[in-house]
Amino acid sequence: MKNLVFYVFLSILLMNVSLFAQDISFTAKDNPNDDGGAIILEWDVPLTYNEMVITRSTDNENFIEIAVVTPLLKTYIDDENIEDGQGYFYRLSLVDADGEKQSFETNALSSAEWFNTDKISLLIMAVLLGTAITYYIFSARKGKRLYIRKISGLDTIEEAVGRATEMGKPLLFVPGIMDLDDMQTIAGLNILGHLAQKVAQYDSTIHVPVCRSMVLSTAKEIVKESYLRAGRPDAFRPDSVFYLTDDQFGYVAGVDGIILREKPAATFYLGAFYAESLILAETGFESGAIQIAGTAMPTQIPFFVAACDYTLIGEELFAASAYLSNEPNQLGSLKGQDVGKAIIIITLLVGVILEMCGVHFLKDFLATH
Amino acid sequence: MAILMDRIGIWIGAFLTFAIFSFLYKDNPFYKIAEQIFIGISAGYWFIYTIYNILMPNLFIPVTTDFTHNFILLIPAFLGILMLCRLIPTIDWVSRYALAVVVGTTAGLFFKRYLQSDVLNQLTATMLNPFASSNAAQIIGELILIIGTITGIVYFFFSKKHEGAFGTTARVGIYFLMISFGAAFGYTVMARISLLIGRLNFLLGDWLGIIKP
Amino acid sequence: MRRQIPMIITFFVGALIIVSEFIPHRPFGNLSTSLEGWFLIISGFAIILGQLSLFKVNIIKIHRKAPNWPYFIIALVSFSIMVICGILWGTQQQPGLLHTSDKMLNFFGMKPFDYIFKYMFENLSATMFSLLAFFMASASYRAFRARSPESTLLLIAAVLVMLGRTTIGSTLTGWIPESLGFLHLPNIASFIMKYPNTAGQRAIMICAGLGVIGSSLRIILGIERSYLGGK
Amino acid sequence: MKIFEKFLHIDRRIIFLLILLGVAIPLIWTLGFNLEVTENVQSVYDLLQNLEPGTRILISFDYDPSTKPEIQPMAISLMQQAFTLRLRIIATALWPMGVQMCNEAYETVSAEYPDVKYGIDFINLGYKSGGMVTINHMAKDFRSTFPADAGGNPIDEFPIMKGIKNFDKIGCMISLSAGDPGLKQWVMIVHDTFGKPVAGGTTAVQAPTMLPYVNEQQQLVGLLGGLKGAAEYELLINKPGFATKGMDAQSVAHLIIILFILIGNIGYFATRKQKPKLEAK
């Protein structure tokens, strides 16, 4: 009997507490992971309440209004003239459904943080990738040989040059429409170097129309060097690399004209392309040339894939350039990125398996929000 | 008068539209003229808006009205002027100082933002439990999503030859890439047709008045 | 001096921006914020540089009587007219140097700058890209062949999306009963977009993202210097 | 076999003409195919619908007249919906011509909403260069990125800007984007760094590359892709406009293109055995 009374009493007490706790909460704390100057206020108020006003004070006496809010909002970040280290008192005044006024108080300090704890996963990933890339770049520079698979599209280069020689027709190389500050243009020009050397060896001819003056001088230099490397500097014709115009469609019209007139045995589109990609690919296809394309422009790849015999997709363009130029920086970076890809594939597999087993730790750790 | 000028404007617009469309037949002087007007106006617009919307409110007005609080802005202004030195070939190298700030900032921000949004978040977005759903299409779809993403990355893995099981995986990857290129192709067709619809709406509606604009 | 100092600047700026992500505390947080504010101003100058160099290049072409040089005069003239109108009478919201009289507003119905923009530029710009609708159609017909398993897959996906993403898709298969809803063209297109397309795009996104990370790192560490011009 | 040969050599001018007619005729005489709303469009609609009246939303106009037919209808619909819900719009532009696009959309829409006041319910802050870096700067110091509106008036003068120091007091962000800089950059900063919901309207060219962001982490809440997305949105807010009108033309043009792809491929397969093409792979 005594026990029963005790339990009844206890349960009434607990009920009361839980009722009270369910009612209204109002808390303030330093806005986390910032450089100070902000306090975050949070409340849990039933929707029946209204006229919610938040006031603030530094001395707990003179409160000034800072915001009018609603139960739905749930949070408010106060960043008006907040000084770090100064204590602030907040008061939430509201009116319940019966028109009765109530108020709740809380206080907090603002501070600046030395480490953003939301970013641990980002930091780990950044360190891993950064180390992998720099490690491989420096080991490549020291002369370590790094293996990169041969991009299969590159085999077609030799075949195309051979075919052009047989047919007595020229080759056409288009380095895209962007300037030298685009990595794709540089990658394209690296491949041009390799191609021009083959052209020189086979004693074929190549046309390189460009639309940027900087690209013109660089491309000329590259082709000349390739002829030199092939031991045929005398065969180099400076006018094989020429400037058409800077305008996108004007350039396309010019290149189209060349394709129709010269009927090249093979066309190469390697670099950064925009809307002109499909016009070029169409004209080339009609003329019956072998077409080899490569670009990292995601919106233009489909046209090249559909109309060309071989397309270097996205990163493959850079890989091909690294493979051919054998440049340690490019090779090392590519290798480092491959390590990144391996890390991602493994993490992803582990993550999926964990998710299937109902363990969400890894996913929660990696997702910051 | 404004109504007349509006009509004249629409006629000018229609003329320029046909001048550009004439390129479909072949490159010709009308097209070339229209193209150069396009380039000129575009450059003029950028020039004016850069001055009115950026250089005036963010630099000139703060510095001239409240120098003591904003004198620090003279640093970017100085760097900006160095940038303009590119126009003079003999001293164009000084623009590299400004370029260094621009490139450094961009590189720093790209490094962390691409890592977060395009690598980490994509990774976690693919960590799914396909069997959590009861909808058959969603189960199949999510399995496809996981397999497609992994095999797609394998295709772009350059440190290993594409042969054996690895080669098969890469092969599957390329098929997924092709489907997404097909989708992109379909969407691009859609986009270009929409632009033509906009043009014909102008010609048939605003200009000829055949359809209600 | 000409190359070393810019490289050092790039390193410090890039490193500061990265570090401020993890350390919001002063001085990192506020320094990176000011730096980003400066970037806006410098990039403003960079745009001005772009327009001025276009002006310069065109003058050089005209001076050297490059092929088609008379056309470049047109570009210069339209550029100058736009700039003069913008400076003298301002734009829709901006007052210019001169007072825009009601007479002028009544005449054009708007300011001259906006008039040129609305009637000339908008039409030119919209038409330029609508040309692609025609090229798209003829290229689709003449160049897109199902030559290999890859391009076949590409074409099938393209056709399904083109059908499913228009009203005709829902009309064509609207009669299909609810139980076979997955055969409804818009649903097929949605499925392609949501799963295989997202998978492919995501793979590209992750690999391209790693590429950006690699090149950013090379730039910050001073290994990649092509942006400084020359090798 | 002759006929298949012919299949391969249709004059491109015929194709041009057919496309022209295929778009023009349905614009004049509408066919009235039915339209269905897709998930991604619905999510954008719901996002705005669930905001409290008075909430400020950021809309960025990152496009120019070249893609106006695709994106302007979205801008108009979004503004209509926002003003109906009494949401307040802060407009910015990462493309200089976006400022004018915004003005044009506002002029169209504000005529229907006479009680919408500039500076209280709407403000156009104008163009800022710098792309992602500038967005990042706004997120930390909005007022120094935008000291004035597009007309050069200090933002302190406008009630709508009260208390906006960063993205904290902004309900959601919508980028109407035709390329770079645009939606991608907004997603990276506004959602992935500062945790605010981001939605977008893009050209159809951009849409497939943006879809990986529409995931359970909601890097992107939803996406309007191209004219179809715009038409679906017009249907949702029940105000049919340009996009809805264009849907028939879009459908017919797609059919014509698909037909030509088929003809080309039939011709190709029928005649392929006759002249073997060098296999490059």
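Just so you know, all these numbers are worked out from the coordinates, no wet-lab data involved. Please read all numbers here as calculations on a predicted model, not as lab measurements. A quick note on method: Cβ atoms are made from the backbone with ideal geometry, for glycine too, and the neighbour counts reach across all protein chains shown.
Find the eigenvalues of the gyration tensor of the Cα atoms of the protein assembly as shown, then list the square roots of 5 times those eigenvalues as equivalent ellipsoid semi-axes, largest first, in whole angstrom. The partial results should precede the final answer.
Working: eigenvalues 442, 242, 218 Å².
Whole-Å semi-axes of the equivalent ellipsoid: 47, 35, 33.
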What does DSSP give for chain A in terms of the percent of beta bridges that are antiparallel, rounded to the nearest 5? 60 percent
Provide a whole-number value for the mean count of partner chain Cβ atoms within 10 Å of the Cβ atoms in peptide D:242-248. 4
Those residues of the stretch D:240-266 whose amide nitrogen sits under 19 Å from the label point placed on B:Leu208, 7 Å along Cα→Cβ: D:245-250, D:252-253
For a Förster distance of 25 Å, can you work out the FRET efficiency between the beta-carbons of B:Ile61 and A:Thr75, rounded to the nearest 0.05? 0.10
Which cross-chain or sequence-distant (5 or more) residues have an amide H under 5 Å from the amide H of A:Ile66, H modelled 1.01 Å from N in plane? A:Ile54, A:Thr55, A:Arg56
Counting other chain Cβ atoms within 10 Å of each Cβ in D:17-26 and taking the mean gives 4
Compactness relative to 2.2 N^0.38 Å, alpha carbon Rg of chain A: 1.63
Taking only the Cα atoms of chain C, how large is their convex hull per residue, in Å³? 323 Å³
For the stretch B:109-116, what does the Karplus curve 6.51 cos²θ - 1.76 cosθ + 1.60, with θ = phi - 60°, yield as ³J(HN,Hα) per residue in whole Hz, taken in order and with x for Gly and Pro? 5, 4, 3, 7, 6, 5, 4, 5
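Percent antiparallel among DSSP beta bridges with both residues in the protein assembly as shown, to the nearest 5?
Counting DSSP beta bridges with both partners in the protein assembly as shown, the antiparallel share is about 45 percent.
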Sort D:Met173, C:Met104, C:Met120 so the one with the fewest other Cβ atoms within 10 Å of its own Cβ comes first. C:Met104, C:Met120, D:Met173
From fewest to most C-beta neighbours within 10 Å, the residues D:Ile174, B:Ile48, D:Ile164 line up as D:Ile164, B:Ile48, D:Ile174
Which of the aspartates and glutamates could a cross-linker bridge to A:Lys101, judged by Cα under 20 Å and excluding same-chain residues fewer than eight apart? A:Asp23, A:Glu42, A:Asp44, A:Glu51, A:Glu61, A:Glu65
C-alpha long axis of helix D:96-110 to longest principal axis of chain D, angle in °: 80 degrees
Quick query: amide H of A:Val241 versus all other amide H atoms, modeled in the peptide plane; which residues come in under 5 Å with a sequence gap of 5 or more or a different chain? A:Val208
Would you list which lysines come within 18 Å of D:Lys239, measuring only between C-alpha atoms, while excluding same-chain residues fewer than 8 positions from it? B:Lys212, D:Lys228
Rounded to the nearest 10 degrees, the helix D:131-140 long axis (Cα) sits at an angle to the longest Cα principal axis of chain D of 30 degrees
For chain A, take the longest principal axis of its alpha carbons; what is the angle in degrees between that and the long axis of helix A:2-23, to the nearest 10 within 0 to 90? 50 degrees
Can you list the aspartates and glutamates whose alpha carbon is less than 18 Å from that of B:Lys160, not counting same-chain residues fewer than 8 positions off? A:Asp155, A:Glu315, A:Glu316, A:Asp338
Just the number, please: percent antiparallel of the DSSP beta bridges in the stretch D:39-240, rounded to the nearest 5. 5 percent
For the pairs C:Lys56/D:Lys68; A:Lys74/D:Lys68; A:Lys220/C:Lys61; D:Lys68/D:Lys169, flag any whose C-alpha to C-alpha distance is greater than 27 Å. C:Lys56/D:Lys68; A:Lys74/D:Lys68; D:Lys68/D:Lys169
Taking only C-alpha positions in the stretch B:129-213, Rg and Dmax in angstrom work out to 21.7, 65
At a 10 Å Cβ-Cβ cut-off, how would you order B:Trp93, C:Trp38, fewest neighbours first? B:Trp93, C:Trp38
Sticking to Cα atoms, compute the Rg of the stretch A:164-301 to one decimal and its Dmax as the biggest Cα-Cα distance, whole number, in Å. 13.7, 41
Among the listed pairs A:Lys169/A:Lys224; B:Lys112/D:Lys140; A:Lys363/D:Lys165, give every one whose C-alpha distance is greater than 23 Å. A:Lys363/D:Lys165
Once the Cα gyration tensor of chain D is found, what semi-axes does its equivalent ellipsoid get, as square roots of 5 times the eigenvalues, in whole Å, sorted largest first? 42, 21, 16
Under 5 Å between amide hydrogens, which residues at least 5 positions from A:Asn107 or on another chain qualify, with H placed 1.01 Å from N in the peptide plane? A:Ala28, A:Tyr90
Peptides ranked, highest mean first, by Cβ atoms within 10 Å: ranges C:66-75, B:123-132: B:123-132, C:66-75
Quote the FRET efficiency, to the nearest 0.05, computed for A:Asp203 versus D:Leu255 with a Förster distance R0 of 60 Å and r equal to the Cβ-Cβ distance. 0.75
Toy charge model, Lys and Arg Cβ at +1, Asp and Glu Cβ at -1: chain A dipole around Cα centroid in debye, rounded to 20, equals 2300 debye
So how far, in whole Å, is the C-alpha centre of the stretch A:272-323 from the one of the stretch C:128-158? 13 Å
On a full-extension model of 0.36 nm per residue, what is the gain between A:Thr117 and A:Asp234, subtracting their alpha-carbon distance, rounded to one decimal in nm? 35.7 nm
Which ³J(HN,Hα) values, rounded to whole Hz and listed in residue order, are derived for the stretch C:35-43 from phi using the Karplus coefficients 6.51, -1.76 and 1.60 in 6.51 cos²θ - 1.76 cosθ + 1.60 with θ = phi - 60°, glycine and proline given as x? 4, 5, x, 5, 4, 4, 5, 4, 5
Translational diffusion of the stretch C:97-150, µm² s⁻¹ [Kirkwood Rh, Cα pairs; Stokes-Einstein; 10 °C; 1.306 mPa s]: 107 µm²/s
Plugging the Cβ-Cβ distance of C:Leu97 and C:Arg26 into 1/(1 + (r/R0)^6) at R0 = 41 Å yields, to the nearest 0.05, a FRET efficiency of 0.45
Lys/Arg +1, Asp/Glu -1 at C-beta; the stretch B:129-213 dipole; positive extreme among B:Gly167, B:Ser134, B:Leu208: B:Leu208
Among A:Tyr227, A:Asn326, A:Ala367 - extreme Cα towards positive end, dipole of chain A, charges at beta-carbon: A:Tyr227
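For peptide B:135-145, compute the average count of partner chain beta-carbon atoms within 10 Å of each residue's beta-carbon.
4
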In whole angstrom, how far apart do the alpha carbon centroids of the stretch D:137-209 and the stretch A:126-196 sit? 39 Å
